[in-house]
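Q: Can you keep this structure in mind? I'll have questions shortly.
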């Protein structure tokens, strides 16, 4: 029987009608029986957030982060902040080095970056951000580049609620992972500075942030390591679309090759975001769940970049190296995802074999990047001819071993062809200049080397530091004299550094190459 005998017929009919009515209402209005004012407790934390409480110093938070939680940094899906009752998510720092700061829950309103926190135990603002003005090495410019409270400021949970809260919060989340570049276009429009400084540092910091601490993997010759989550967008806050592009077009090529899905916003879009939060009648904010803030001036305030290397990437690289998060340091394993992506984009296959040590190259390929078609930083015609002749004689002597010489004028080659040459190169040499940035796409081997020709007395860290950061050797040449680590010359830019009359003794360079391949150097 469907009903117990104690139920009357009338009771049974009423009960059945009630069930049918309830079912009918849930079909036509599924939320009829739900509480329409659910409070979300934002203080209930995810597992990886337990270590990043707003009432603990960010410096202490960074030290205490355990290995097993390191890869769980990406923001999880969450309800829109407009619907949250109570405190907004608090700002925390995941990792920080001068000029490189990885934030969780950073806010922007009216052009100011806000740290939402009940305490102020964060790194100095000047080590995270600057005013973003054009850089000149004068005391006056240094003073003007210092940040003000218009560039970065604190906001307490109560202040944030008063400013952006109400019946609904006026805070809008920019979903995904963001790279915010706070520097002018002054250096961005150069192949070396955009790729081998900015994005070299980005990859070191980003890959390291998502790598488990491992001294063995960090000091290995392994190429393959767990990949970090993708960056979703880059924002060039002080540069328009032309500002980050270089004349030869390699910057744009690199961006599409290395980051095919990356959305690129520039100053115009950033200004749009500022305008959208600065109306007279309403106050809004943008919320960035996970954002890497890069600032060139702030990096130069660090001891390493400011006093030793003058390379902003060095602050990011050294920070991660010291924490044993820079994977496969002997072969640039942390850089391998970018190198491989560019190779694949150019049409090359990527085959890597992990081992305990660097391999010898299957074939020695010497690539001389000639600048004879340019107006500055070029060899004299006599020096160029002497160098090419000495290299040809060397390769002729070694033809039984399969040695090969490539004399490359990049401006006459397609971007794909340039990558193809770099991907086969064992020894890359040329006068100090942008073309040496191709070292980023060389295959790591036991004898991979960059030979950089300077006007005698001159020296800069650009390619020296970058080559060594990828596990390669670097040789600085002054005509018939050369220098290697740890006996590099001091930085200097003598008259003639930028000239078109740079000398070099070809036989000296040939001897350097032969000694390097034989591992006598």
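The values are calculated or read from the model by the stated rules, or taken from the named source; none is laboratory data. What you see is a predicted model; the values in this text were computed from it and never measured. Positions of Cβ are generated from backbone atoms using ideal geometry, with glycine treated the same way; all protein chains shown enter the neighbour counts.
Q: Inspect all residues belonging to the stretch 117-133 and state whether any of them is under 24 Å from residue 270 (Cβ atoms), modelled with pLDDT of 95 or more and over 25 Å from the mean Cα position of the chain (by Cα).
A: yes
Q: Here's something else I'd like to know. Of all residues in the stretch 224-246, how many are within 20 Å of residue 196 (Cβ to Cβ) and modelled with pLDDT under 95?
A: The qualifying residues number 1.
Q: Touching a strand residue (DSSP E or B) at 6+ places or on another chain (Cβ under 8 Å), crowded, with 20+ Cβ neighbours inside 10 Å and farther than 17 Å from residue 297 by Cβ, is that true of residue 209?
A: Yes, satisfied.
Q: Does the stretch 294-304 include one or more residues that are over 25 Å from residue 115 (Cβ atoms) and either surrounded by fewer than 18 Cβ atoms within 10 Å (Cβ to Cβ) or outside the structural domain of residue 256 (by TED's automatic domain parsing) (or both)?
A: There is no residue in the stretch 294-304 that is over 25 Å from residue 115 (Cβ atoms) and either surrounded by fewer than 18 Cβ atoms within 10 Å (Cβ to Cβ) or outside the structural domain of residue 256 (by TED's automatic domain parsing) (or both).
Q: State the number of residues belonging to the stretch 373-400 that are surrounded by 13 or more Cβ atoms within 10 Å (Cβ to Cβ) and part of a helix (DSSP H, G or I).
A: 13
Q: I'd like the full set of residues that are out of contact with any helix residue (DSSP H, G or I) (no Cβ under 8 Å at 6 or more places or on another chain) and loosely packed, with under 15 Cβ neighbours inside 10 Å, limited to the stretch 120-143.
A: 120, 124, 136, 137, 138, 139, 140, 141, 143, listed by residue number.
Q: Quick check on residue 463: is it in a loop (DSSP other than H, G, I, E, B), at negative phi and crowded, with 19+ Cβ neighbours inside 10 Å?
A: When the stated conditions are applied, residue 463 does not pass them.
Q: If you don't mind, another one. Which of the residues that make up the stretch 332-372 are at pLDDT below 90 and in a loop (DSSP other than H, G, I, E, B)?
A: Passing the criteria: 351, 352, 353, 354, 356, 357, 358, 359.
Q: Filter the stretch 407-429 down to the residues that are part of a loop (DSSP other than H, G, I, E, B) and closer than 23 Å to residue 256 by Cβ and list them by number.
A: Result: 413, 414, 423, 424, 425.
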